[in-house]
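Student: Once you've had a glance at the structure underneath, I'll fire off some questions.
The values are calculated or read from the model by the stated rules, or taken from the named source; none is laboratory data. Remember, predicted model here, so these are calculated numbers, not experimental data. Every residue, glycine among them, receives a Cβ derived from its backbone with ideal geometry; neighbour counts consider all protein chains shown. Please note that ligands, DNA and RNA were not included when accessible areas were found on the heavy atoms of the full protein model with its side chains. Shrake-Rupley method; radii C 1.70, N 1.55, O 1.52, S 1.80 Å.
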Amino acid sequence: MALTIYDSMAREKRVFEPADPDRVTMYVCGPTVYSYAHIGNARSAVAFDLLYRVLRARYGADHVVYARNITDIDDKIIKAAAETGEPIDAITKKFADIYRADMGALGVIRPGLEPEATGHVGPMISMMERLIEKGAAYAAEGHVLFSVDAYADYGKLSGADRDEMIAGARVEVAPYKKSPADFVLWKPSKEGEPGWDSPWGRGRPGWHLECSVMIESELGETIDIHGGGQDLRFPHHENEIAQSACAHDGAPLARYWMHNGFLRMGADKMSKSLGNIVLAHDLLKDWHGEVVRWALLSAHYRQPLEWTEELLKQSKKQLDRFYRLLGEIPFTEETGAAPDSIMLALEDDLNTPEAFAGLHELRDIAGQVEGEARKKAISRLRDAGRLMGFFNEDPVEWKKFGVSIEDRSVLDKKVSEYDEARKNKNYQKSDQLRAEITMEYPVSIETTGGVTNWVFKPKTDSES
Ligand SMILES: [Zn+2]
């Protein structure tokens, strides 16, 4: 079967054929590390992680080269350092580590390459020199600017009207720009701001330049797939395309472009001004990463995703049902190839709704048989879920997620007292113990197959 993906540049689904099946290259714009990632950022990381998993399954893990950059120099970082008094490199290291840990909790496989902007200033200067030489960029008042007129296809990806884009840019037109749409590749650093020596004076790179340069140095002139959030199409990706094409004599930056849709908070856009920003880091305190991942993948990646508390609750409920079944066979980290039905769904432009339907079908099949056949069916189900980044938790741990180690031993003791009282038909005592336990701890008490145990229940989950 062919792998098809929706190419945002062609505006249609296309059969994916890598330039070299032994070295499939993909690049996704990564985080600016001055703060925590919000759930919209996480959606992008998870969507492209799913693509990465499909490509690895199809071409072999060693044949897919995935780079996701870390923007560790930016005005927002400089501002955060001024506000907190912390050194810039301490801030960027801290938030890069948190980003990796949070995405890891969401089941995102760490990309093989994570280039940092500050490690690529030399190659950035070299690209700017080439762009100036080719007449696509110019230096003015300590800045280097890209001349948008040098690239005839500017605006092709986003479909934005060129005149409109220029009119939009005119609002904040700087005196050193030849044309209002020209954008900054390099800008001077003030006293006390971080900067690097360059032929145009001490300064620092613009954000757009970073991605073109990292792709060139880490992956090559033309890559197979470039991904990112829909909001990055203009100006960021347009600018990346223009820079790279002009630096490489017209060679395209990417053969396929993929963009994930917006995440909305109910009916609203998530924004600082509305004060409705949800951080992945905060969600992961209350919810298992697989629950958040399930919620993020519940809509097709190109569709808008409406983020609600209810979505998380439903996702947990679904996963609980799967984990109950998974708990019937011994836990192992070993994973076999996923069943065809799941792979086929995902190879159709990451059709997650169909892949989820496939998981439900596999669960139904397993639920209908007994003995060895049941064990085999559950194992198949586990392989299917793991292709999508689920079912990696030990089912015993799954139930206890969210409860601290100290609380676990206290709970074990209290629950066995409760069970003892219940078995002795001392219902007054058992009722009292149950009330105590469920009021003091974020758990519920379950008896299955004659065994009583406690199960983690997030505080936010109001259902009993
Ligand atoms: Zn980028």
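Student: Report the residue count in segment 14-38 for those that are within 22 Å of the chain's Cα centre (by Cα) and over 22 Å from Ile73 (Cα atoms).
Tutor: 4
Student: With the structure loaded, tell me whether Leu296 is in a helix (DSSP H, G or I), open to solvent by less than 20 Å² (accessible area, probe 1.4 Å) and within 16 Å of the ligand (Cβ to nearest atom) or whether it fails that test.
Tutor: So Leu296 does not fit the description; no.
Matching residues to (1) away from the ligand (no atom under 16 Å from the Cβ); (2) in a strand (DSSP E or B); (3) of a type outside the set (Ser, Thr, Tyr):
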position: Ile225; (1), (2), (3): no, yes, yes
position: His237; (1), (2), (3): no, no, yes
position: Gln243; (1), (2), (3): no, no, yes
position: Arg255; (1), (2), (3): yes, yes, yes
position: Arg264; (1), (2), (3): yes, yes, yes
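Student: Taking segment 124-161, which residues are under 28 Å from Val64 (Cα atoms) and crowded, with 16+ Cβ neighbours inside 10 Å?
Tutor: Across segment 124-161, the qualifying residues are Met124, Met127, Leu157, Ser158.
Student: Could I ask something else about it? Looking for whichever is of a type in the set (Asp, Glu), open to solvent by less than 20 Å² (accessible area, probe 1.4 Å), more than 16 Å from the ligand (Cβ to nearest atom) and out of contact with any Gly (no Cβ under 6 Å at 6 or more places or on another chain) here; the options are Asp249, Asp182. Which one fits?
Tutor: Of Asp249, Asp182, the one residue that is of a type in the set (Asp, Glu), open to solvent by less than 20 Å² (accessible area, probe 1.4 Å), more than 16 Å from the ligand (Cβ to nearest atom) and out of contact with any Gly (no Cβ under 6 Å at 6 or more places or on another chain) is Asp182.
Student: Please go through segment 230-277 and give me each residue that is over 21 Å from the mean Cα position of the chain (by Cα) and among the aliphatic types (A, V, I, L, M), ordered by number.
Tutor: Ile241, Ala242, Ala245, Ala247, Ala251, Leu253, Ala267, Leu274
Student: So in segment 95-114, with the set limited to residues that are surrounded by 14 or more Cβ atoms within 10 Å (Cβ to Cβ) and out of contact with any helix residue (DSSP H, G or I) (no Cβ under 7 Å at 6 or more places or on another chain), which one is nearest to Asp282 (Cα to Cα)?
Tutor: The selected residue is Tyr99.
Student: Can you name the residue in segment 219-234 that is among the acidic types (Asp, Glu) and surrounded by fewer than 19 Cβ atoms within 10 Å (Cβ to Cβ) and is also modelled with the lowest pLDDT among such residues?
Tutor: Asp231
Student: In segment 417-433, which residues are under 45 Å from the mean Cα position of the chain (by Cα) and open to solvent by 100 Å² or more (accessible area, probe 1.4 Å)?
Tutor: Hit for segment 417-433 is Gln432, nothing else.
Student: Check off (1) touching a strand residue (DSSP E or B) at 6+ places or on another chain (Cβ under 9 Å); (2) in a helix (DSSP H, G or I) for Arg302 and give me the number that stays unchecked.
Tutor: It is condition (2) that Arg302 fails.
Student: Considering every residue within segment 67-86, establish whether at least one is within 30 Å of Asp340 (Cβ to Cβ) and either crowded, with 22+ Cβ neighbours inside 10 Å or without any contact (Cβ under 8 Å) to a residue 60 or more places away in the chain (or both).
Tutor: Yes: segment 67-86 contains one or more residues that are within 30 Å of Asp340 (Cβ to Cβ) and either crowded, with 22+ Cβ neighbours inside 10 Å or without any contact (Cβ under 8 Å) to a residue 60 or more places away in the chain (or both).
Student: Report whether or not Arg422 is more than 29 Å from Leu283 (Cβ to Cβ), at pLDDT below 95 and not in a loop (DSSP other than H, G, I, E, B).
Tutor: Answer is yes for this residue.
Student: Of (1) at pLDDT 95 or above; (2) in contact with a Ser or Thr (Cβ under 9 Å, 6 or more places away or on another chain); (3) farther than 22 Å from Arg68 by Cα; (4) open to solvent by less than 20 Å² (accessible area, probe 1.4 Å), Trp196 satisfies all except one. Which?
Tutor: Single failed check for Trp196: (4).
Student: Continuing with this model, one more query. Looking at segment 351-370, I want the residues that are within 21 Å of Leu297 (Cα to Cα) and have a partner that is open to solvent by 50 Å² or more (accessible area, probe 1.4 Å) with Cβ atoms under 6 Å, at least 6 apart or on another chain. Which pairs are those?
Tutor: Listed by first residue and then by second, the contacts come to Gly358/Ser341.
Student: While we're here: Is there any pair with a first residue in segment 428-450 that is among the β-branched types (Val, Ile, Thr) and a second that is assigned to a loop (DSSP other than H, G, I, E, B) whose Cβ atoms are under 6 Å apart and which are 6 or more apart or on different chains, and what are they?
Tutor: Sorted first by the residue in segment 428-450, then by its partner, the pairs are Val443/Lys457.
Student: Something else about it: Quick one: which strands (runs of 3 or more DSSP E) sit completely within segment 1-56 and have at least 1 residues that are within 16 Å of the ligand (Cβ to nearest atom) and open to solvent by less than 20 Å² (accessible area, probe 1.4 Å)?
Tutor: 24-28
Student: A further question follows. Name every residue in segment 192-219 that is closer than 20 Å to Arg233 by Cα and either part of a helix (DSSP H, G or I) or near the ligand (Cβ under 10 Å from one of its atoms) (or both), in order of residue number.
Tutor: Trp207, His208, Leu209, Glu210, Cys211, Ser212, Val213, Met214, Ile215, Glu216
Student: Look through His259, His281 and report the one residue that is within 30 Å of Ala355 (Cα to Cα) and open to solvent by 20 Å² or more (accessible area, probe 1.4 Å).
Tutor: His281
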